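Report on the structure given below.
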Amino acid sequence: MSVHPQSACHMVEAWAGAGSENNPRGNYLPLRPHLVTIDRKGNENDVRRNASVAPFKCNSAIDDRDEYPLAVFEENKKKASIKCVKKKDNRGSGSQVGKQINGQNFYGATPNPYGYLEDGSVVEMVVRE
Amino acid sequence: MNRIFAGKIQADHGQFLIYAAGSGAGEALPDWTEEEHGEKGYMANGSAIGLLVYGGTSLYWLEVYLHDNLPTFEECDRVLAFNLEIASGKLIISDIFNACSDEGAINLLVEAGSYVVYILGYNLVYGNDIYDGLFTEMYKLSAEELDKEIDRELEKRTDIERYEIILVSGKTQIEGAIKGENYMGGIEPDRHQ
């Protein structure tokens, strides 16, 4: 994830229970998990999530709302840490995770040896140097 | 012009993919970290197209049409054109997480062949998405009611960011942005005020 430093930093902060100061979902607790469960359908159907992050404002010309755990993981539901990160960083890291859980190659990353991972699969999020 | 889809597209992490089933999908697409693609807001490789959106939300209204001729572009802010080989006869439009080789969030059957895919973007202003609408009040609704209400809102709100994809049989000599500025150059936020 180090090719996406802001997303990686946010991930580490979320593991430690930190977060942005105006995070509507609360800061510093709970600790967000390293092990997360793939839930694509839950994400697709969870329009409520889009509403729930609405109060969290970023400079929309520059930043995206980055969520950890990512919305594609079950552990995201109502418990994700949110932080403003550069659009390029957020979109690149999302693309990387998408390719990795779908068993596609991603340059600079270790290929996922298990191929396409079904919903319910538990994956470990790590930050590479 | 024959409309084959109308509904919302989920653009997780500000992007969605358009590709032919069985083509290897996003496998060969590079990453947005590559400066060129991030700045243009799109990338394509003949079998898949990746597109970045302007807004910060994940939900956008999308309509897909089959058209016999080159469509008109007067009202939209940006037009992208790409050649796409749909040998399988199945077009997939999907967020990155649901983008598998043979299936995605939106699956459309078309006649197998070569197509020019025109992507028309409307109201492309940073932050001009559904968050500017009624989300706070909508949040009180049940998940099912909220889903329907967001569909209605997205369809009705012709003033916010939305997309049309038009498929025209054949090939084009010119690919990329044929109308509109480069993505990261952006359209000034006060343009629509």
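Taken together, the values in this text are just the output of simple stated rules run on the coordinates, not laboratory data. None of these values were measured; they are calculated from a predicted model. With ideal geometry, Cβ positions are generated from the backbone for all residues, glycine too; neighbour counts draw on all protein chains shown.
What nm value, rounded to one decimal, do you get for the distance between A:Y114 and B:E144 when each label is placed 7 Å out toward the C-beta?
3.4 nm
Under the definition of partner shielding as Cβ atoms of other protein chains within 10 Å of a residue Cβ, what is the mean value for peptide B:50-56?
4
Tell me, what is the FRET efficiency for A:K77 and B:Q173 to the nearest 0.05, using R0 = 45 angstrom and their Cβ-Cβ distance as r?
0.40
Would you please put A:116-123, B:42-49 in order of how densely packed they are, using the mean number of other Cβ atoms within 10 angstrom per residue and starting with the highest?
So the peptides A:116-123, B:42-49, ranked by packing, come out B:42-49, A:116-123.
Hey, can you grab everything whose amide H is under 5 Å from the amide H of B:L124? Only 5+ residues off in sequence or another chain; H modelled, so Pro and N-termini drop out.
B:D77
How far apart, in nm, are two points set 7 Å out from the Cα along the Cα-to-Cβ line at B:I4 and at B:E111?
So the label points at B:I4 and B:E111 sit 1.1 nm apart.
Compute and list, largest first, the equivalent-ellipsoid semi-axes of the range B:1-120 from the alpha carbon gyration tensor, each √(5λ) rounded to a whole angstrom.
Its equivalent ellipsoid spans semi-axes of 20, 18, 15 Å.
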